4 protein chains.
Amino acid sequence: MKVTVWNEFRHEKQDEEVRAVYPDGIHEAIAGFLKEAGFEAGTATLDEPEHGLTEEVLKNTDVLVWWGHMAHGEVSDAIVERVHARVLEGMGLIVLHSGHFSKIFKKLMGTSCDLKWREAGENERLWVVQPNHPIAEGIGETIELEHEEMYGEHFDIPVPDELVFVSWFKGGEVFRSGCVFNRGQGKIFYFRPGHETFPTYYHADVQRVIKNAVNYVAPTKREQPIRGNVQPLESLD
Amino acid sequence: MKVTVWNEFRHEKQDEEVRAVYPDGIHEAIAGFLKEAGFEAGTATLDEPEHGLTEEVLKNTDVLVWWGHMAHGEVSDAIVERVHARVLEGMGLIVLHSGHFSKIFKKLMGTSCDLKWREAGENERLWVVQPNHPIAEGIGETIELEHEEMYGEHFDIPVPDELVFVSWFKGGEVFRSGCVFNRGQGKIFYFRPGHETFPTYYHADVQRVIKNAVNYVAPTKREQPIRGNVQPLESLD
Amino acid sequence: MKVTVWNEFRHEKQDEEVRAVYPDGIHEAIAGFLKEAGFEAGTATLDEPEHGLTEEVLKNTDVLVWWGHMAHGEVSDAIVERVHARVLEGMGLIVLHSGHFSKIFKKLMGTSCDLKWREAGENERLWVVQPNHPIAEGIGETIELEHEEMYGEHFDIPVPDELVFVSWFKGGEVFRSGCVFNRGQGKIFYFRPGHETFPTYYHADVQRVIKNAVNYVAPTKREQPIRGNVQPLESLD
Amino acid sequence: MKVTVWNEFRHEKQDEEVRAVYPDGIHEAIAGFLKEAGFEAGTATLDEPEHGLTEEVLKNTDVLVWWGHMAHGEVSDAIVERVHARVLEGMGLIVLHSGHFSKIFKKLMGTSCDLKWREAGENERLWVVQPNHPIAEGIGETIELEHEEMYGEHFDIPVPDELVFVSWFKGGEVFRSGCVFNRGQGKIFYFRPGHETFPTYYHADVQRVIKNAVNYVAPTKREQPIRGNVQPLESLD
């Protein structure tokens with residue numbers, strides 16, 4: 001299983017507070033625990049040529065993890081098309097936190113993907129609402145995050161095919177925090193937590209969810225569907 | 001309830017066989033039975049300025065019906081964006097037959113919307129698979145169409161939020177023929193039948209489905225959701 | 001549209017605190033605002049013969065509203081079977097609050113319908129998570145209830161066909177508070193609020209939701225599906 | 001992974017035509033290919049004490065496969081309750097063909113589970129309609145069965161949480177043939193093919209689907225949810 005962790009990798013360079021939390025970047029933190037779990041995990045970042053997402057890299061990626069925030073607009077449309085095509089072909093995609101506003105997620109959803117937000121460092125509690133879901137394996141009834149950015153409803157996404165987590169925020173909001181979507185041969189998991197100033201990706205339960213999700217959105221091995229003009233399979237007489 | 005029936009209106013001008021079936025265009029045939037049913041129904045076509053879909057027209061449209069086929073590529077991206085924004089704002093959208101490949105449908109779905117097809121004039125039987133659905137009101141257990149173009153699975157759409165009809169084709173294929181999708185404040189209904197060379201839109205059951213669908217996808221009257229940065233509703237202490 | 005509001009009507013007789021809130025019973029409070037809205041609304045209660053749900057009454061009921069709590073076990077299995085058959089035949093069913101543990105709801109769901117609860121009178125905030133849903137028409141982005149019993153996840157129901165509301169509770173829980181389920185020709189809406197010691201059913205938004213839901217779960221007018229042994233519709237040669 | 005294959009095992013004893021196809025019973029045919037695939041597979045049949053489904057057996061079963069037809073009514077209600085409880089606790093359940101009318105399936109669905117049928121030995125073609133689904137791994141775009149009993153819509157089940165296969169029958173019907181349902185901690189897969197007089201369970205694709213399904217509905221390893229009366233997790237002041 002080959003995972004590529006993509007990060008725009010800007011906050012970490014520009015903001016000391018973020019660098020203090022993720023000195024090598026969010027992508028290295030995530031790739032690190034994936035490797036420890038036995039996945040073959042590489043990284044790619046915005047400022048590399050082709051954002052590190054060449055045809056070759058994508059062809060060899062089973063699951064792509066996406067973290068972006070301040071530079072969504074700098075991701076080239078051509079690369080977005082390339083990633084989109086690979087998802088429809090079967091590559092799994094895990095979109096994290098502020099990736100809700102990435103070009104690729106909006107293109108796959110067909111909606112604005114807008115939401116409410118507040119940076120107050122309040123606590124977040126993610127409740128498991130589909131307890132038989134493989135993405136929740138090994139997770140207790142909640143995931144407790146001491147400090148996080150708040151995201152609130154209405155989150156402008158299509159109705160998720162599977163809703164795994166719903167978040168409670170101290171300030172009074174709720175949020176659909178763990179959502180599975182099917183698109184073409186691909187599977188997509190959106191997972192809310194992960195503001196850049198908090199050590200969320202070091203949290204054991206958050207890591208467990210991401211590892212479970214990599215397995216869950218991994219490609220199903222089948223031939224690509226046949227489409228276009230076809231002859232009848234039965235007599236038309 | 002204000003309905004706008006949009007048609008690219010090219011086949012009818014270029015092809016005598018089609019003109020023989022729909023002398024005033026598919027849009028007039030559809031707008032006709034909608035008016036008879038008491039809806040306020042206007043039309044718009046590709047070759048009008050702004051494809052007939054000005055800001056004013058869309059602002060005053062509760063439900064937009066879309067038929068297109070040979071000229072999807074000529075629909076301007078700016079108009080597609082405008083229609084997309086209106087759907088997210090609440091306007092209902094009914095996409096007919098070959099409209100599966102329209103820019104607006106693909107943008108709302110996030111997938112290729114590709115499928116199998118065959119023009120052999122075989123018979124099609126649409127089975128009601130959600131019998132309590134308002135779009136199937138007044139419809140028997142099947143809709144029988146003597147001659148239609150075949151569309152076959154796999155139809156590359158997201159999993160429909162509601163699946164109302166599944167088609168059987170003599171040549172051996174099945175198809176998810178009546179599908180509801182929610183996007184933003186809007187509702188979308190895709191309905192398969194309606195090849196331009198067959199008198200499908202004169203069929204009483206097909207008309208009934210489209211009339212039911214207009215009512216079903218009509219906007220829900222609510223204020224637009226509030227998004228962006230917000231203050232807490234509860235004390236954070 | 002004929003609505004029958006069923007209430008076990010025991011708390012109101014036995015407990016002065018409840019009687020102070022609903023002197024004529026919860027059923028009369030609900031039937032009252034439904035009548036004002038133009039629905040033909042009758043009532044039925046546990047201690048009437050056949051619990052007030054005779055064949056005649058059910059045959060003439062388009063939508064049944066159900067409130068029960070302390071006496072679920074006293075509802076006869078035969079009446080539960082009768083209601084179940086009518087739902088599958090098309091009658092709408094609205095299950096309120098503690099009705100989650102009623103025999104009829106558990107039979108229709110196939111699960112335990114168990115949940116977490118706490119009677120602390122904390123505030124509840126219901127968030128609209130499907131903003132285009134007709135049951136949310138006229139409702140703002142939240143419904144604010146000053147004092148309610150808490151119900152928390154995991155709520156052991158099948159995945160709802162439509163999820164309209166998610167509740168936030170001050171004590172830290174969330175709950176899927178407004179859920180639509182399809183069963184046979186019938187539609188079911190579960191709506192969480194309505195503890196007997198609070199004036200919840202006098203709240204304008206709660207009344208609006210219940211009125212919207214009556215319209216939403218009303219029967220779709222179609223013939224009953226044909227089942228059993230059938231002849232082929234096409235030649236088998 | 002421990003699989004128990006349950007079969008009522010009556011047709012094979014009473015009917016020579018069936019015995020010719022499944023000399024040791026359908027359960028042995030299914031357990032056979034599961035064992036070859038590396039699963040630990042046992043069997044249980046109606047006429048054993050407790051139908052072979054003792055507390056001990058069920059406790060040690062990860063996935064239960066169910067085939068029944070002529071003797072649904074002889075399955076004791078107590079055993080049905082026991083199986084039901086185990087599904088809610090997390091045991092996977094695969095219901096095959098005429099098992100649609102078993103007590104356990106009806107109890108889990110909450111509907112009549114009725115359908116159309118015809119024994120004419122016509123051909124059936126199952127189309128994959130969710131091509132990224134793990135249950136369809138290794139399957140081409142269709143499964144072709146030369147002779148099968150027909151099952152037709154409307155199939156009175158709740159809307160499936162996942163719809164993997166839709167069948168085409170020569171006689172003109174369609175059927176939702178591969179359906180996933182979530183109930184409690186458990187997952188259920190209904191798979192249509194498997195009439196007792198045809199060698200369906202020797203078909204490589206049918207075997208592949210059942211093997212995939214065993215993996216898919218296997219229990220997710222998590223603690224059971226906590227329910228009942230709970231203390232607040234946050235201050236109520």
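The values are calculated or read from the model by the stated rules, or taken from the named source; none is laboratory data. Here the structure is a predicted model, which means the values were calculated and not measured. No Cβ is skipped: glycine too gets one built from the backbone with ideal geometry, and neighbour counts run over all protein chains shown. To get the accessible areas, we keep the full protein, side chains included, count just its heavy atoms, and leave off ligands, DNA and RNA. Shrake-Rupley method; radii C 1.70, N 1.55, O 1.52, S 1.80 Å.
Please work out if D:F165 is touching a helix residue (DSSP H, G or I) at 6+ places or on another chain (Cβ under 9 Å) and closer than 16 Å to D:R125 by Cβ.
It is true that D:F165 is touching a helix residue (DSSP H, G or I) at 6+ places or on another chain (Cβ under 9 Å) and closer than 16 Å to D:R125 by Cβ.
Within the range A:60-88, how many residues are within 14 Å of another protein chain (Cβ to nearest Cβ) and in contact (Cβ under 8 Å) with a residue 40 or more places away in the chain?
Matching residues across the range A:60-88 total 5.
Having 1 or more residues that are more than 19 Å from B:T197 (Cβ to Cβ) and among the acidic types (D, E) is the bar; report the helices (runs of 4 or more DSSP H) wholly within the range B:7-102 that clear it.
By residue number, B:26-36, B:55-59, B:77-89.
Here are some conditions: (1) of a type outside the set (D, E); (2) within 11 Å of chain C (Cβ to nearest Cβ); (3) touching a strand residue (DSSP E or B) at 6+ places or on another chain (Cβ under 9 Å). D:Y190 meets all but one. Which one does it not meet?
Every listed condition holds for D:Y190 apart from (2).
Note down all Cβ pairs under 6 Å where the first residue falls in the range D:127-151 and is hydroxyl-bearing (S, T, Y), the second is not in a loop (DSSP other than H, G, I, E, B), and they're at least six residues apart or on different chains.
Filtered contacts from the range D:127-151: D:T142/D:R125; D:T142/D:W127; D:Y151/D:W117; D:Y151/D:F175.
Tell me, please, whether a residue that is touching a strand residue (DSSP E or B) at 6+ places or on another chain (Cβ under 8 Å) and of a type in the set (D, E, K, R) can be found in the range A:61-70.
Yes, the range A:61-70 contains a residue that is touching a strand residue (DSSP E or B) at 6+ places or on another chain (Cβ under 8 Å) and of a type in the set (D, E, K, R).
For residues that are farther than 25 Å from A:A204 by Cα and among the acidic types (D, E), scanning just the range A:16-49, find the one that is surrounded by the most Cβ atoms within 10 Å (Cβ to Cβ).
Selected residue: A:E48.
If A:P160 satisfies every condition in (1) more than 7 Å from every other protein chain (Cβ to nearest Cβ); (2) open to solvent by 10 Å² or more (accessible area, probe 1.4 Å); (3) touching an Asp or Glu at 6+ places or on another chain (Cβ under 8 Å) but one, which is the exception?
Going through the list (1) more than 7 Å from every other protein chain (Cβ to nearest Cβ); (2) open to solvent by 10 Å² or more (accessible area, probe 1.4 Å); (3) touching an Asp or Glu at 6+ places or on another chain (Cβ under 8 Å), A:P160 breaks only (3).
Surrounded by fewer than 23 Cβ atoms within 10 Å (Cβ to Cβ) and either without any contact (Cβ under 8 Å) to a residue 24 or more places away in the chain or polar (S, T, N, Q) (or both), is that true of D:G52?
Judged against the criteria, D:G52 is not a match.
Quick one: C:T220 ticks every box in (1) surrounded by fewer than 22 Cβ atoms within 10 Å (Cβ to Cβ); (2) more than 14 Å from chain D (Cβ to nearest Cβ); (3) within 22 Å of D:P158 (Cα to Cα); (4) among the hydroxyl-bearing types (S, T, Y) bar one, so which box is it?
The failed condition is (2).
Would you point out which residue out of B:V214, B:V159 is over 21 Å from A:P225 (Cα atoms) and either basic (K, R) or in contact with a strand residue (DSSP E or B) (Cβ under 7 Å, 6 or more places away or on another chain) (or both)?
B:V214
For D:R176, which of the numbered conditions (1) within 8 Å of another protein chain (Cβ to nearest Cβ); (2) farther than 15 Å from B:R176 by Cβ fails to hold?
With (1) within 8 Å of another protein chain (Cβ to nearest Cβ); (2) farther than 15 Å from B:R176 by Cβ applied to D:R176, the lone miss is (2).
State which residue is modelled with the lowest pLDDT when the search covers only the range C:1-15 and only residues that are under 23 Å from C:A204 (Cα atoms) and either open to solvent by less than 10 Å² (accessible area, probe 1.4 Å) or hydrophobic (A, V, I, L, M, F, W, C) (or both).
Filtering first and then ranking leaves C:M1.
Are any of the residues in the range C:166-173 more than 14 Å from chain D (Cβ to nearest Cβ) and either among the aliphatic types (A, V, I, L, M) or part of a strand (DSSP E or B) (or both)?
Yes: one or more hits.
Which members of the range B:184-217 meet the condition of being part of a loop (DSSP other than H, G, I, E, B) and buried (at least 19 other Cβ atoms within 10 Å of the Cβ)?
B:G184, B:Q185, B:R192, B:P193, B:G194, B:H195, B:E196, B:F198
If you scan the range D:114-141, which residues turn out to be open to solvent by less than 10 Å² (accessible area, probe 1.4 Å), facing chain C (nearest Cβ under 9 Å) and among the aliphatic types (A, V, I, L, M)?
D:L115
Could you please find all residues in the range B:166-181 being open to solvent by less than 10 Å² (accessible area, probe 1.4 Å) and without any contact (Cβ under 8 Å) to a residue 40 or more places away in the chain?
B:G172, B:V174, B:C179
To keep it simple, each residue is scored yes or no on (1) touching a Gly at 6+ places or on another chain (Cβ under 7 Å); (2) under 25 Å from C:H133 (Cβ atoms).
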site	(1), (2)
B:E124	no, no
B:W127	no, no
B:I135	yes, yes
B:G140	no, no
B:E149	no, no
B:H154	no, no
B:I157	no, yes
B:G171	no, no
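So which of C:I143, C:I79 ends up being modelled with pLDDT of 95 or more and closer than 30 Å to B:Q185 by Cβ?
Matching residue, one of C:I143, C:I79: C:I143.
Scanning for something at pLDDT 95 or above, of a type in the set (D, E, K, R), surrounded by fewer than 23 Cβ atoms within 10 Å (Cβ to Cβ) and over 16 Å from the mean Cα position of the chain (by Cα), does the range A:90-113 turn up at least one residue?
Taking every residue of the range A:90-113 in turn, none turns out to be at pLDDT 95 or above, of a type in the set (D, E, K, R), surrounded by fewer than 23 Cβ atoms within 10 Å (Cβ to Cβ) and over 16 Å from the mean Cα position of the chain (by Cα).
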